[in-house]
Amino acid sequence: MELKPYQQQVISDLSLFLDYLRRVSPIQHAFQDYWTDKGYQPMTGGVVEPYKNNIKDASGGAVPHVCIKVPTAGGKTFIACNALRPIFEHSDPDRPKMVVWLVPSNPILQQTLKNLRDPAHPYRQKLNVHFNHRVEVYDKQALLSGSSFNATAVREQLS
């Protein structure tokens, strides 16, 4: 399964924003430059709101965050699977590859877990291709029990 053109555009836009984050500091300036170069002026009440520093690191600095809005049945999960590669390619290679996948309901959680664990499902196939089959999907119970989740696993795979 491949990305549809609009989905590929989402991934391309994400990669471009990640390039801005790498080159421009602080995050607020990277955000401003990205949108200005796309022809928008971030401003309160405008089409693009100014960057909101909602997530701070241990030192109080900003942590980059993005929100990708996709309509119902627009392929959000598949886009997310494809977004992980550029995110980690733009990150420190020594940083562990860990993802927390948040969903709005238990039925969606169960469906997403099932699909991400199924080697025949396009979501898992895409993750396997992007991360050289070094992928482990955990649920909350497995993490709480420490089942095969340890420092070595986090260093060597996408968790």
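The values are calculated or read from the model by the stated rules, or taken from the named source; none is laboratory data. Remember, predicted model here, so these are calculated numbers, not experimental data. Heads up, the Cβs are rebuilt from the backbone with ideal geometry, glycines too, and the neighbour counts pull from every protein chain shown. Keep in mind that these areas ignore ligands, DNA and RNA; they rest on the heavy atoms of the full protein, side chains included. Shrake-Rupley method; radii C 1.70, N 1.55, O 1.52, S 1.80 Å.
All other residues with a Cβ under 14 Å from the Cβ of Lys38 taken together, and with Lys, Arg as +1 and Asp, Glu as -1, what is their net charge? Summing Lys/Arg as +1 and Asp/Glu as -1 gives -4. Three semi-axes describe the equivalent ellipsoid of the chain; taken as square roots of 5 times the Cα gyration tensor eigenvalues and ordered largest first, they are 29, 20, 16 Å. Length gained on full extension, Lys76 to Asp118: 13.3 nm, using 0.36 nm per residue less the C-alpha separation. With the chain treated as a Gaussian network of Cα nodes joined by springs under 10 Å, which of Asn82, Asn53, Asn106 yields the largest mean-square fluctuation? Top of the fluctuation ranking is Asn106.
The residues of the chain expose on average 66 square angstrom of accessible surface per residue, using a 1.4 Å probe on protein heavy atoms. Other residues whose C-beta falls under 12 angstrom from the C-beta of Arg134 contribute a net charge of 0, scoring Lys and Arg +1 and Asp and Glu -1. What's the Kirkwood radius of the stretch 1-55 in Å, using all Cα pairs? Averaging 1/r across every pair of different Cα atoms and inverting gives 12.2 Å. Per-residue ellipticity at 222 nm, computed for the chain from helices alone with -39500 (n - 2.57) per DSSP H run of at least four residues, works out to -14500 deg cm²/dmol. Only the Cβ atoms of Lys and Arg (+1) and of Asp and Glu (-1) were treated as charged; on that basis the dipole of the chain about its Cα centre amounts to roughly 320 debye. Residues with beta-carbon under 13 Å from that of Ile79, excluding Ile79: net charge, scoring Lys, Arg +1 and Asp, Glu -1? Combined, the nearby Lys, Arg, Asp and Glu give +3. Taking chymotrypsin sites (Phe, Trp or Tyr not before Pro) in DSSP loop states with no more than 14 other Cβ atoms inside 10 Å as exposed sites, the chain has its longest site-free stretch at 41-100. Distance from the alpha carbon centroid of the stretch 78-153 to that of the stretch 15-34 works out to 26 angstrom. When the Gaussian network model of the chain links Cα atoms closer than 10 Å, the mean-square fluctuations of Ile87, Ile68, Ile27 top out at Ile68.
Amide H to amide H distances under 5 Å link Ala62 with Asp57, where only residues 5 or more positions off or on other chains count and H is placed in the peptide plane.
Taking the accessible area of the chain, probe 1.4 Å, and keeping the other protein chains in place, the carbon and sulfur fraction comes to 55%.
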